[in-house]
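Asker: Before I ask anything, let me first share the structure, which is written out below as structure tokens.
The values are calculated or read from the model by the stated rules, or taken from the named source; none is laboratory data. Just so it is clear, the model here is predicted, and its values are computed rather than measured. Quick reminder, even Gly has a Cβ in these numbers, built from the backbone with ideal geometry, and neighbours come from all protein chains shown.
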Amino acid sequence: MVPAGRGGGLMRTALLADPVDGLDEALAAVDAFDRALVGGLLRPQPVQAEGLTGLAEAVAGTPLATRAAEAAGKAAAGAAADDDLLPLAAARAALLGSVHDALVARTDEATGRSRVEEAVPVVPADRRTANLPAAARCWLSDLARAGWQGVDHELVSEAARVVSAMLPDPALRRPATLLDGFAAELAASCPVASTERIPVRRWADLWARAMLLTLPGATGTAASGTASGRLLPLGVDVHEHATAAQAQVHAVLEPADGTAPRLVRAAVSVPKPDTVVGAGLWQLLRPHMALLAAVGEGRSMEVSGMPVTAGGDLIWDDERAHPGGAADAFATARVVLAAATAPAAAPLDRHPARIAEPVFLEGYTVREDGGVLRFEAAGHSVAVDAGRVPAAGPLTPEAVRASGACIGLLRWDAGVFTVQPLAVETTVRKKTVAVHGGGWAGGTTDKTGVRAEKAATDAVKVLRERAGRLLRT
């Protein structure tokens, strides 16, 4: 996709359209299990039992074989206890993990990127809070028995006590946030039996991940080492939910010891009220990470001894970073990105939906095919997921249509690879202009961004006043 001699290497987009061996079979086994969750596991019908046994058979050659087969047998008979559902969640995760690995291998082949796998440190379990994950597992098991069609407000409301007990503990905040968001989605669809379209794959993903996060030690994030050097941001990926928001900065680290540059990420997550949306998110996120200001200002960061996980995630600490010099993301993409090594995904992150490989594309033409934007060059094309462009920045689908270069994330969704734009270069009045999705991360004078931030300020102020009155009474 990037013409030879332009500095960015060559992405062989034709490989992204080739079939991956075994992928359809693995996904079929997952889909059959997911359909079993729709009707529930309290009194499984024969077709549901087939989905359960099919999942167990798909992992027959793995260490999960015995446990998965036993759990599938009990679940098919409607006699699965809470702990019997864990092996089924693990088997489902293992299958999707294999799909993830095959797809990542294909992206590495297409981009020519090398990947470094490091040992993942074992995080000791905190037995002091073991009862809360067990309570969460009990609620998730009740969901599986009821099935999505049997979910009602009474069942969903039972999650509130578990979430409120888990949230104050930083070690349990990750599963608590997941449970809170999951329960909110279910509540918004209640009664689910009358819902026209059930998001079968998504809810099964949330259920299985939440089940695995109830295991001892699963919620811990241990650093495998430290990172020192110059951090060159590429772009910001914004994730927004009614109850939470996250900004994930993708960057290239140039190590201080002179070794090869490496791809890293740094993320900050916050709970949020559903009235704060769009550019207002930055007010909640900005105070927790100085890196966001650097991204908005187009600067690098110098980091020293920053903890980093085996999966390439920086455990951000503002005390270990300070602003560096000017750093143009497109210059980084053209000069450094092609030589950067990538980390292997952490075990619980091996899921096709979590594939997000930074890529640089230029020399393409933009065309629209059936309502889908496509970047096309040399007779090959890749779909553009313009729907992922966040409302929290100046980047728009119109800017993507007029672009000639793009920094994006290569993703896989609904059976195809797509590019999610993080930033584009476009021409305005005969000048090349860069438009970044995270352009407002550090603040903005843009009229649209200023209005959105003011609205968010007013909303947060009202909520704080109401909370104060409630506490006083």
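Asker: Within the stretch 37-67, which residues are of a type in the set (Ser, Thr, Tyr) and either in contact (Cβ under 8 Å) with a residue 24 or more places away in the chain or exposed (fewer than 14 other Cβ atoms within 10 Å of the Cβ) (or both)?
Answerer: Applying the first criterion (of a type in the set (Ser, Thr, Tyr)) to the stretch 37-67 yields 53, 62, 66.
Of everything in the stretch 37-67, those that are of a type in the set (Ser, Thr, Tyr) and either in contact (Cβ under 8 Å) with a residue 24 or more places away in the chain or exposed (fewer than 14 other Cβ atoms within 10 Å of the Cβ) (or both) turn out to be THR62, THR66.
Asker: Pick from ALA391, ALA329, ALA405, ALA340: which is surrounded by fewer than 21 Cβ atoms within 10 Å (Cβ to Cβ) and among the small types (Gly, Ala, Ser)?
Answerer: Values: ALA329 fails: surrounded by fewer than 21 Cβ atoms within 10 Å (Cβ to Cβ); ALA405 fails: surrounded by fewer than 21 Cβ atoms within 10 Å (Cβ to Cβ); ALA340 fails: surrounded by fewer than 21 Cβ atoms within 10 Å (Cβ to Cβ).
Just a single option satisfies the conditions, and that option is ALA391.
Asker: Another question, then. Mind checking whether some residue in the stretch 367-375 is in contact with a Lys or Arg (Cβ under 7 Å, 6 or more places away or on another chain) and surrounded by 15 or more Cβ atoms within 10 Å (Cβ to Cβ)?
Answerer: yes
Asker: Residues that are under 30 Å from LEU253 (Cα atoms), outside the structural domain of ALA266 (by TED's automatic domain parsing) and among the small types (Gly, Ala, Ser): does the stretch 164-177 have at least one?
Answerer: yes
Asker: Now for a different question. Looking at ALA345, ALA333, ALA338, can you tell me which residue is closer than 30 Å to MET211 by Cβ, in contact (Cβ under 8 Å) with a residue 40 or more places away in the chain and not in a strand (DSSP E or B)?
Answerer: Details: ALA333 fails: closer than 30 Å to MET211 by Cβ; ALA338 fails: closer than 30 Å to MET211 by Cβ.
That would be ALA345, the only listed residue that is closer than 30 Å to MET211 by Cβ, in contact (Cβ under 8 Å) with a residue 40 or more places away in the chain and not in a strand (DSSP E or B).
Asker: Using the structure shown, decide if PRO394 is more than 20 Å from the chain's Cα centre (by Cα), more than 17 Å from ASP101 (Cα to Cα) and part of a loop (DSSP other than H, G, I, E, B).
Answerer: Details: more than 20 Å from the chain's Cα centre (by Cα): yes; more than 17 Å from ASP101 (Cα to Cα): yes; part of a loop (DSSP other than H, G, I, E, B): yes.
So PRO394 passes the test.
Asker: Something else: Can you tell me which residue within the stretch 217-234, out of those that are modelled with pLDDT of 95 or more and not small (Gly, Ala, Ser), is surrounded by the fewest Cβ atoms within 10 Å (Cβ to Cβ)?
Answerer: ARG230
Asker: For the stretch 235-246, state whether one or more residues are among the β-branched types (Val, Ile, Thr), within 30 Å of VAL462 (Cβ to Cβ) and at pLDDT 90 or above.
Answerer: In the first step, residues of the stretch 235-246 are kept if they are among the β-branched types (Val, Ile, Thr); the result is 236, 238, 243.
Still in the running and within 30 Å of VAL462 (Cβ to Cβ): 236, 238, 243.
If we keep only those that are at pLDDT 90 or above as well, we get 236, 238.
Checked the stretch 235-246: at least one residue is among the β-branched types (Val, Ile, Thr), within 30 Å of VAL462 (Cβ to Cβ) and at pLDDT 90 or above.
Asker: Within the group LEU253, LEU212, LEU179, LEU232, which residue is in contact with a helix residue (DSSP H, G or I) (Cβ under 8 Å, 6 or more places away or on another chain), in contact (Cβ under 8 Å) with a residue 40 or more places away in the chain and under 30 Å from ALA405 (Cα atoms)? Even if it seems obvious, please write down each step before you answer.
Answerer: On the way: LEU253 fails: in contact with a helix residue (DSSP H, G or I) (Cβ under 8 Å, 6 or more places away or on another chain); LEU212 fails: under 30 Å from ALA405 (Cα atoms); LEU179 fails: under 30 Å from ALA405 (Cα atoms).
Going through LEU253, LEU212, LEU179, LEU232 in turn, the sole match is LEU232.
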